[in-house]
Amino acid sequence: MKQLSLFPEEGEELENESIDICDWGTFKDSLKAPIHSWFTYPAGFSYKAVESSITQYEIKPLEFIYDPFMGSGTTNVVAKKLGISSYGCDAHPFVFKIAQTKLNWDIKLSDVSTAIKKLFALIDETQNQLNGKVVLEDIFPELVLKCYESENLFKLLLIRDSLFGSDISQEMKQFLMVSLTYLLREVSTAATGWPYIAPNKTKIKSSTKDVFSEFQIVTFKMVKDIELVIREAEESYFLAKHNLFNIDSRNTKEYIEDNSVDHIFTSPPYLNNYDYADRTRLEMYFFGYAKNWADITQKVRKKLMTSATTQTLRGDTRYILSQKLQCYAPKIYNILDSAIEDLGKIRLTKGGKKNYDLVVAGYFNDIFEVLQDCYRVLKLGKKAIFVLGDSAPYGVYLPTDELIGELGIAVGFSSYKIDVLRTRGEKWKKNPQRHTEKLRESIVTLTKE
Ligand SMILES: C[S@@+](CC[C@H](N)C(=O)[O-])C[C@H]1O[C@@H](n2cnc3c(N)ncnc32)[C@H](O)[C@@H]1O
């Protein structure tokens, strides 16, 4: 791997034109990379940023890297390829399964071929019996119905149910569910793009794809990806251990020992009203894991740290700035308290009356807990790196990077450094409803000494 400093020193230019660090906070690079591309997670970051950090801080094979907001597993996949051990947490059950699948490289071409044969034998058996008898409206919520032509949805259902009902191994089922998940967006006729599904907008291109053959194409491409990545991986990659947990990273005491981690590389949810639970609404409805909004709130939204108004509830103490934060970081508490007070008033003047005041309180309460836990697990002399964006809800500017840096100091880190990756929000600047603050995406590097 090319030796590259994560951030050039002042005056030093990045020589390689192809290295575009302004995209490191986005999923752009990862969308084209083997394995990383299995699930489009626009909330994800670039695998190149992780590689670069590992090189810069000289993380060695079998040392441990930790991502407390693992998402689709970018950090862990990079670590695995380099023979570095990893920990990863994500509280979102569906996204967690995606990460888990991406880390399983024991899937073999011959086993996949056998599984696909079994699956299609089952599909052949049931297709004729069920044709014309299945009422899709009785099975799927409206959102799913709106995203597909009936013929395609029927085929997707046949794959899903044959998969659920087959006797193939659990890990193979999970692998095939990820390829089916990929296919869901591929063959949809609706503009199922990020961040919100817009089922009334039609995307003509994909409707011509044949579901059964696409499913096989996608699945075999995934196996090829594994073979390719293994060929490029460190020879001893299989010796490294990868411990992934579907848990809340505010407290990992039962899972990760004190002073056991050599590097932390992560991107927490940004304070930008982004609803992670909503991203997987289509998938969760399709697989039958949830039937409606309330179901998703119960199974996902409630489990995640606060970053969106859809998670908040007035009167719930989770959304009142904590006394613990006040005790550890009184100055930051006062800054936040004043912003929260302003937001409490401003929201009443707005049509949507969004609970941004509650989101700010909940966000910093939660991130404070995560920082404390990160400090606990990190070894002395090591770095914790947070890729994040700042925000200005209802025009109240919050320099999230600086605030997190300061909270880091409050929990024990000895110093922090901020490097700006890019400025954001330019495309909105003509909108008179929006604040005029220039937002940025930065990397906050915290040092434990
Ligand atoms: C910005 S995304 C990280 C994406 C990741 N870097 C990637 O490349 O896929 C933040 C993640 O934090 C997760 N998350 C939110 N609250 C959490 C919590 N309390 N504990 C663990 N994970 C959480 C979300 O589910 C989301 O996947």
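Structure values in brief
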{"quantity": "Extension gain from VAL135 to LYS28, taking 0.36 nm per residue of separation minus the Cα-Cα distance", "calculated": "34.6 nm"}
{"quantity": "Spread of Cα-to-Cα distances over 5 Å intervals beginning at zero, given as percent, for the range 230-368", "calculated": "2, 8, 14, 16, 16, 15, 12, 8, 5, 3, 2, 1, 0"}
{"quantity": "All-pairs Cα distance distribution in the chain, expressed in whole percent, bin size 10 Å", "calculated": "4, 19, 29, 26, 16, 5, 1, 0"}
{"quantity": "Kirkwood-based shape ratio for the range 109-230, expressed as Rg/Rh from alpha carbons", "calculated": "0.98"}
{"quantity": "Spin-label pair GLU142/SER236, simplified geometry with 7 Å Cα→Cβ offset, distance in nm", "calculated": "5.9 nm"}
{"quantity": "Local net charge near THR40, Cβ-Cβ under 12 Å (Lys/Arg +1, Asp/Glu -1)", "calculated": "+2"}
{"quantity": "Extension reserve of the GLU254-LEU62 stretch, reckoned as 0.36 nm per residue once the Cα distance is removed", "calculated": "67.0 nm"}
{"quantity": "Between the range 19-80 and the range 170-190, the alpha-carbon center distance in angstrom", "calculated": "22 Å"}
{"quantity": "Inter-label distance for ASP295 and GLU186, nm, one decimal - labels placed 7 Å from Cα along Cα-to-Cβ", "calculated": "2.6 nm"}
{"quantity": "Violating pairs (Cα-Cα greater than 19 angstrom) within the set LYS97/LYS117; LYS97/LYS382; LYS80/LYS224; LYS331/LYS353", "calculated": "LYS97/LYS117; LYS97/LYS382; LYS331/LYS353"}
{"quantity": "Separation of the GLN127 and THR423 label points, Cα + 7 Å toward Cβ, nm", "calculated": "5.6 nm"}
{"quantity": "Chain lengthening between ASN334 and LYS118 when straightened (0.36 nm per residue, less Cα-Cα)", "calculated": "71.5 nm"}
{"quantity": "Computed [θ] at 222 nm, deg cm²/dmol, the chain (DSSP H ≥ 4; -39,500 (n - 2.57); rounded to nearest 500)", "calculated": "-13000 deg cm²/dmol"}
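Every number in this text was worked out from the coordinates using simple rules, so none of it is lab data. Being a predicted model, the structure only gives us computed values, none of them experimental. Don't worry about glycine lacking a Cβ; one is built from the backbone with ideal geometry, like all the others, and counts go over all protein chains shown.
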